[in-house]
1. Just to check I understand the Karplus step: with θ = phi - 60° and J = 6.51 cos²θ - 1.76 cosθ + 1.60, what whole-Hz values come out for the stretch 17-27, glycine and proline as x?
2. Once the convex hull of the C-alpha atoms of the stretch 1-97 is built, how many Å³ does it hold per residue, rounded to a whole number?
3. Using only helices, what value at 222 nm comes out for the chain when you add -39,500 (n - 2.57) per DSSP H run of length 4 or more and divide by the total residues, to the nearest 500 deg cm²/dmol?
4. At 0.692 mPa s and 37 °C, plugging the Kirkwood radius over alpha-carbon pairs of the stretch 3-191 into Stokes-Einstein gives what diffusion coefficient in µm²/s?
5. How many lysine pairs in the chain, separated by 8 or more positions in sequence or lying on different chains, have Cα atoms less than 18 Å apart?
6. Rolling a 1.4 angstrom probe over the protein heavy atoms, how many square angstrom per residue are accessible across the stretch 3-191?
7. Over the chain, what percent of the accessible surface lies on carbon and sulfur atoms, probe 1.4 Å?
8. Please find, in a Gaussian network model of the chain (springs between Cα atoms separated by less than 10 Å), the residue of A59, A82, A69 whose mean-square fluctuation is greatest.
Amino acid sequence: MMKKLVVIDACIRGEESRTRRIAAPIVEALSRRYAVTSYKLADFPMEPLTAKTYAERAAGIVPAWAREAAKAVAEADRIVIAAPFWDMSFPALLRTFLEHISLYDITFTDNGRSCVGLCKCEKVMYITTRGMNIPTGDPREQATPYLHALSTLWDLGVVLTVAAWNMDYSTPEQMDEKIEAATRFGLKLAETF
Ligand SMILES: Cc1cc2nc3c(=O)[nH]c(=O)nc-3n(C[C@H](O)[C@H](O)[C@H](O)COP(=O)(O)O)c2cc1C
């Protein structure tokens, strides 16, 4: 049986998205080896947990889509997250999705001393583009550290970041070069992903 890949696409600008331009050929390459389930977050009817939805969750009432997505993520062998860099992190839409699917006894549980992850995933590929000249690992870049932290909660394994930056201050030619370089890097990672 083919291994499972979950793709979480938070490229809100859709066809305009530079991040998606990098992600598309990488997902295409991976789809030859993995059974792919995609979540296009712009299509999801969600808002952050509110007093009402939090109380419902505490009573065991969780939206069916969130429970299903949480199970798919928990059972995935690999995860690809494609999300542009917004307000020094990833879009709130992605954070909201993660909040909805961070479900006790599905993505994580606890052992009486702390939380422990329940996910099968061994590798996450996080694909992004940034407008400013902010490389991965820069303290101003708060998306990769968050995903590393989430990986320790859910047990997702290593997080590999594929990024292009300074996009909003590049010529169209430079931008194309950056997108091509990031795509090549991601395709290289995909060979052993
Ligand atoms: C709402 C919004 C917020 C953004 N915030 C930042 C930011 O804080 N830092 C930054 O470097 N770029 C920021 N950008 C620029 C994007 O990261 C950049 O244009 C990126 O390439 C967009 O990716 P996309 O084409 O996949 O949507 C922002 C763009 C938008 C639309």
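The values are calculated or read from the model by the stated rules, or taken from the named source; none is laboratory data. Every value quoted in this text rests on a predicted model; they were computed, and no experiment measured them. The area values use the complete protein model at the heavy-atom level, side chains included, leaving out ligands, DNA and RNA. Shrake-Rupley method; radii C 1.70, N 1.55, O 1.52, S 1.80 Å.
1. Computed from phi, the couplings for the stretch 17-27 are 6, 6, 4, 5, 4, 6, 5, 4, x, 6, 5 Hz.
2. Details: hull volume 10.5 nm³, N = 97.
Convex hull volume per residue, Cα atoms: 108 Å³.
3. Calculated from helices alone, the mean residue ellipticity at 222 nm is -12000 deg cm²/dmol.
4. Working: Rh = 17.1 Å.
It comes out at roughly 192 µm²/s.
5. 12
6. Result: 50 Å² per residue.
7. 55
8. The residue with the greatest mean-square fluctuation here is A59.
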